[in-house]
Amino acid sequence: MTAGCLVSVNGTSRNTTMNGTCRFLLFHQSLGLTLAKAANDRVTGTYTGAKTGPAQLSGTVRGDKLVLNVNWGAPVNGDRIAQMVITRTGENSFEQTVIDKVDGKTRTTSRFSFKRK
């Protein structure tokens, strides 16, 4: 059984927004992302898909990946920091992965794949 997400992505060369929801059986989660290009290829923004409230994002573009530091609104897995990597996987697709320390080990804690239909 697979989860389904329905999102809309809008953007310009400087700003991008993503809003939508993901569903799996009884699980229902809204998610959103706003990103703005800053100086020196830096990117800042906010992620609104966490149950702890909005998380602040900051990072850089590295090839076809956007590598972001995440500062959660409240502790997650014992602290407030993680990493989010958004990878372009095709002309009309991308993947969003969150990597965090869990019990002292670095682990992927979520991964969503998105493809334009």
Worksheet item: Would a scan of the range 71-83 turn up a residue that is under 18 Å from Met18 (Cα atoms) and either at pLDDT below 90 or outside any strand (DSSP E or B) (or both)?
Response: no
Worksheet, complete the sentence: The residue from Lys117, Lys101 that alone is without any contact (Cβ under 8 Å) to a residue 60 or more places away in the chain and assigned to a strand (DSSP E or B) is Lys101
Worksheet entry | Residue count, the range 18-75 (criterion: exposed (fewer than 15 other Cβ atoms within 10 Å of the Cβ) and aromatic (Phe, Trp, Tyr)) | 2
Practice prompt. Would you check if there is a residue in the range 66-88 being in contact with a helix residue (DSSP H, G or I) (Cβ under 6 Å, 6 or more places away or on another chain) and under 17 Å from Ala36 (Cα atoms)?
Written response: no
Item to complete: Might you let me know whether the range 96-106 holds any residue that is loosely packed, with under 12 Cβ neighbours inside 10 Å, at pLDDT 90 or above and basic (Lys, Arg)?
Response: yes
Discussion item. Between a residue in the range 60-73 that is at negative phi and any residue that is surrounded by 14 or more Cβ atoms within 10 Å (Cβ to Cβ) and not in a strand (DSSP E or B), which pairs come within a Cβ distance under 8 Å, given they are 6 or more apart or on different chains?
Written reply: Trp72/Ala50; Gly73/Ala50; Gly73/Pro54
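The values are calculated or read from the model by the stated rules, or taken from the named source; none is laboratory data. Because the structure is a prediction, the values reported are computed rather than measured. For neighbour counting, all protein chains shown are included, and Cβ atoms are generated from backbone atoms with ideal geometry for every residue, glycine included.
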